[in-house]
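Coordinate-derived values only; no laboratory data. Keep in mind it's a predicted model, so treat the numbers as computed, not measured. Every residue, glycine among them, receives a Cβ derived from its backbone with ideal geometry; neighbour counts consider all protein chains shown.
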């Protein structure tokens, strides 16, 4: 009865079951090879042959793990929290303990909605209102098509919204003109709250390198993924704020500094080649930093009635801007497979040397036997 209990425990415990499965595979597969070699050539030579074959295979497999960072790998790169800074009298990072963070003057950056509006007005002044109508390609030169198309896209996504700008699909279901006006006002307010990171994801050409950034570079929402997720986890787990979930604050802008260089916009083949060569020759990785800024939302935007679509969260301008300052920990993703590869290769070479020395002794003895005859 006790044996049945033991077998049942082994069957339902995934750790013990996994260990037993691996052990059984080693005994059956590797053990069978060793047994065949040992019976044909003797236990000592069979052990040397099977050991050399195993560690040779491990060196090959470890090199694949090393190159691609897979298999028996180390820790992957992650962002680690350095500090969380509150805005002080409208200055976002003057109280930051991290020196490089103080160089970012994010409070002086322009408002994304104003950037789009200015670009729209300049484009209208240059080409006229027809540049936002169908057939606009005939009004601009080939060199200006990319710039004009980017501004048109930014205006559609984040520009001013009036009742006349609403499409029939947007106004469908509204019977009262007042409701349509309220909907247009809500869409306009949403665009006025656009962040520079959101604008950079749609129209990066409208977000140049501002002097206020200093050594920092603006991250688009498409580039903020891992840093944003880490910042959200840090701010909720910190215990310094009353945020119970991500819905109680709004992500504003993201910034990065340091690290290895990246490709420019619309890179050429030479840019890609030079970036690869430069990255490979940079032995020591420069320290990388990231800052994610967020702000609490208004209490009214969190009051959602049952059975209705959730309201759009609105940042509370009376609340301070919170900046999560993080440092990039590169981990040791390839260090572990590198050690496995080097160690396995050294053991393989040592076993091959032992086999070579054994062959030399065997050949010398055979020569002595032939000479004696």
Exercise. So what is the relative contact order for segment 40-121, in percent, with contacts set as C-alpha pairs under 8 Å and at least six apart?
Worked result: 12 percent
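Once the Cβ-Cβ distance between residue 157 and residue 318 is put in as r, and R0 is 30 Å, what FRET efficiency do you end up with, to the nearest 0.05? Each step should come with its number before you reach the end.
Numbers: r = 27 Å, r/R0 = 0.92.
For residue 157 and residue 318, the calculated efficiency is 0.65.
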Problem set entry | Per principal axis, descending, Cα span of segment 41-80 in whole Å | 55, 16, 8
Seminar exercise, completed: So the angle from the long Cα axis of helix 177-192 to the longest Cα principal axis of the chain, reported in degrees to the nearest 10, equals 50 degrees
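What number, in percent, do you get for the relative contact order of segment 232-373 if the mean sequence gap of Cα pairs under 8 Å and at least 6 apart is divided by its residue count?
Details: 123 pairs, mean separation 30.9, N = 142.
It comes to 22 percent, rounded to a whole number.
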Exercise. Among (1) 113, 66, 47; (2) 62, 45, 38; (3) 64, 48, 41, which is the computed Cα extents along the principal axes in Å?
Worked result: (1)
Problem set entry | Gain upon complete extension [residue 72, residue 237; 0.36 nm per residue less C-alpha separation] | 56.4 nm
Problem set entry | Cβ-derived FRET efficiency at R0 51 Å, residue 352 paired with residue 16, nearest 0.05 | 0.90
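Where does each of 141, 278, 341 land when they are ranked from fewest to most other beta-carbon atoms within 10 angstrom?
The order, fewest Cβ neighbours first, is 141, 278, 341.
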Seminar exercise, completed: Put in order of increasing Cβ neighbours within 10 Å, starting from the fewest, 281, 199, 29 give 281, 29, 199
Seminar exercise, completed: Relative contact order of the chain (C-alpha contacts under 8 Å, at least 6 apart) in percent is 26 percent
Exercise. Stretched out fully, how many nm does the piece from residue 299 to residue 83 gain, at 0.36 nm a residue minus the Cα gap?
Worked result: 75.1 nm
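Add -39500 (n - 2.57) for each DSSP H run of 4 or more in the chain, then divide by its residues: what number comes out at 222 nm, to the nearest 500 deg cm²/dmol? Don't jump to the answer; show the numbers that get you there.
On the way: 13 runs with 185 residues, N = 373.
Here the helix-only value at 222 nm equals -16000 deg cm²/dmol.
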Problem set entry | Span per principal axis, largest first, for the Cα atoms of segment 110-209 (Å) | 45, 31, 20
Exercise. By how many degrees, between 0 and 90 and to the nearest 10, does the Cα long axis of helix 269-281 differ from the longest principal axis of the chain?
Worked result: 50 degrees
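Which of rounded, prolate or oblate describes segment 39-184 when judged by the alpha-carbon gyration tensor and an a/c cut-off of 1.5?
Working: a/c = 3.04, a/b = 2.18, b/c = 1.40.
Prolate, because a/c is 1.5 or more and a/b exceeds b/c.
So if we plug the beta-carbon distance of residue 244 and residue 45 into 1/(1 + (r/R0)^6) with R0 = 51 Å, what FRET efficiency do we get, rounded to 0.05?
Numbers: r = 68 Å, r/R0 = 1.33.
The formula returns an efficiency of 0.15 here.
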